[in-house]
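Asks: Structure below; questions to follow.
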Amino acid sequence: MPLCTLCPRNCRIDRSKTTGACSVKGLKAAKASLHFGEEPCISGRDGRGAGTIFFSGCSLKCIFCQNMPISRDGCGKEITPERLGEIMLELQEKGAHNIDLVTPTHYADIIADVLKSIKSRLHIPVVYNCGGYEKVETLKMLDGLIDIYLPDFKYMSAELAARYSHAPDYPEVAKTALAEMVRQVGGDQTTFDEDGIMKRGVIVRHLELPGCIEDSKAVIRYLYKTYGNNIYISIMNQYTPMEGIGKKFPELNRKLTEREYDELV
């Protein structure tokens, strides 16, 4: 395996031998199952769900992450690329609306090869469900293989991005990444089936954080002014303070108020 430069951290680690900035080496997955908690146009309302694969590790590691054992500690099981392809086909067989790849960035090269190998047998859309902290060069490896991009756009403020995700370059990185995603599948390429399930397009998620409403407004303003109706926006209010976060980040040690969310919407 070459020295890893798949994500903007550019840690240049041989991840066949040791862990990189993403906290994992090799190929690891934490869970694969039908999942019903994504946006309605992804999971559907008919009980089929999204065919979700939760990958182990994450290069962003936001301090408020709700999946720390997976993202920070790298919990999961090592699998082969061949097994990953089999899992995708098994989820399709179970009736999944799509293959939902969660936190896939640091495996993008492997995923691209797997998708090419099973392309003739995979007949449902592939969703790239990520934190928005992506390199354009990596996304271009996936051009023609991903049908739906589901990125976060977490911050417009470099200061917040540095404090909560140790990534002051996040806003600029996310802007260029999103532009590439829209080029690949957004705009007039967006399609839905007769049941309202997305088949192709871009949905940008934004999780409003307590006390950060002005930054959240800046994010939504940027997305709308830049892309208009060429993307969909999912504004999320489910921030949950994880145990112990109040010790270092007291401002995040509460849930979002209904008033804060309503003001953003």
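Asks: Consider residue 203 carefully, then state whether it is closer than 29 Å to residue 48 by Cα, open to solvent by less than 50 Å² (accessible area, probe 1.4 Å), in contact (Cβ under 8 Å) with a residue 40 or more places away in the chain and not in a loop (DSSP other than H, G, I, E, B).
Replies: So residue 203 fits the description; yes.
Asks: Here's another thing I want to ask about it. With the checklist (1) at negative phi; (2) surrounded by 17 or more Cβ atoms within 10 Å (Cβ to Cβ) in hand, flag the one item residue 103 doesn't pass.
Replies: So the condition that residue 103 fails would be (1).
Asks: In the stretch 110-125, which residue that is open to solvent by 50 Å² or more (accessible area, probe 1.4 Å) and not in a loop (DSSP other than H, G, I, E, B) is nearest to residue 20 (Cα to Cα)?
Replies: Checking each candidate, the answer is 113.
Asks: In addition: State yes or no: is residue 211 of a type in the set (Gly, Ala, Ser) and not in a loop (DSSP other than H, G, I, E, B)?
Replies: no
Asks: How many residues are open to solvent by 40 Å² or more (accessible area, probe 1.4 Å) and in contact (Cβ under 8 Å) with a residue 12 or more places away in the chain if we restrict to the stretch 242-256?
Replies: The qualifying residues number 6.
Asks: For residue 209, are the conditions met, namely being of a type in the set (A, V, I, L, M), over 23 Å from residue 135 (Cα atoms) and at pLDDT 95 or above?
Replies: yes
Asks: Let me ask something else. Which condition does residue 66 not pass, out of (1) more than 21 Å from residue 152 (Cα to Cα); (2) open to solvent by 40 Å² or more (accessible area, probe 1.4 Å); (3) not aromatic (Phe, Trp, Tyr), if it passes all the others?
Replies: So residue 66 meets the others, but not (1).
Asks: Report whether or not residue 21 is open to solvent by 30 Å² or more (accessible area, probe 1.4 Å), part of a strand (DSSP E or B) and among the aliphatic types (A, V, I, L, M).
Replies: No, not satisfied.
Asks: A further question follows. Please state which one of 215, 195 is out of contact with any His (no Cβ under 8 Å at 6 or more places or on another chain) and within 24 Å of residue 128 (Cβ to Cβ).
Replies: Every option except 195 fails the conditions.
Asks: Any idea which of 133, 149, 128 is in a loop (DSSP other than H, G, I, E, B), of a type in the set (Ser, Thr, Tyr) and open to solvent by less than 20 Å² (accessible area, probe 1.4 Å)?
Replies: 133
Asks: Would you tally the residues in the stretch 44-59 being in contact with a strand residue (DSSP E or B) (Cβ under 9 Å, 6 or more places away or on another chain) and closer than 13 Å to residue 23 by Cα?
Replies: Residues that pass the stated criteria total 3.
Asks: If you don't mind, another one. Looking at residue 90, is it acidic (Asp, Glu), under 18 Å from residue 150 (Cα atoms) and either open to solvent by 50 Å² or more (accessible area, probe 1.4 Å) or part of a loop (DSSP other than H, G, I, E, B) (or both)?
Replies: It is false that residue 90 is acidic (Asp, Glu), under 18 Å from residue 150 (Cα atoms) and either open to solvent by 50 Å² or more (accessible area, probe 1.4 Å) or part of a loop (DSSP other than H, G, I, E, B) (or both).
For every residue, the table says whether it meets (1) of a type outside the set (Val, Ile, Thr); (2) in a loop (DSSP other than H, G, I, E, B); (3) within 19 Å of residue 162 (Cβ to Cβ).
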site: 183; (1), (2), (3): yes, no, no
site: 188; (1), (2), (3): yes, no, no
site: 195; (1), (2), (3): yes, yes, no
site: 215; (1), (2), (3): yes, no, yes
site: 229; (1), (2), (3): yes, no, no
site: 241; (1), (2), (3): yes, yes, no
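The values are calculated or read from the model by the stated rules, or taken from the named source; none is laboratory data. Since we're looking at a predicted model, the values are computed, not measured. Glycine gets a Cβ as well: all are built from the backbone with ideal geometry, and neighbour counts include every protein chain shown. Areas reflect the complete protein model, heavy atoms only, side chains present, ligands, DNA and RNA absent. Shrake-Rupley method; radii C 1.70, N 1.55, O 1.52, S 1.80 Å.
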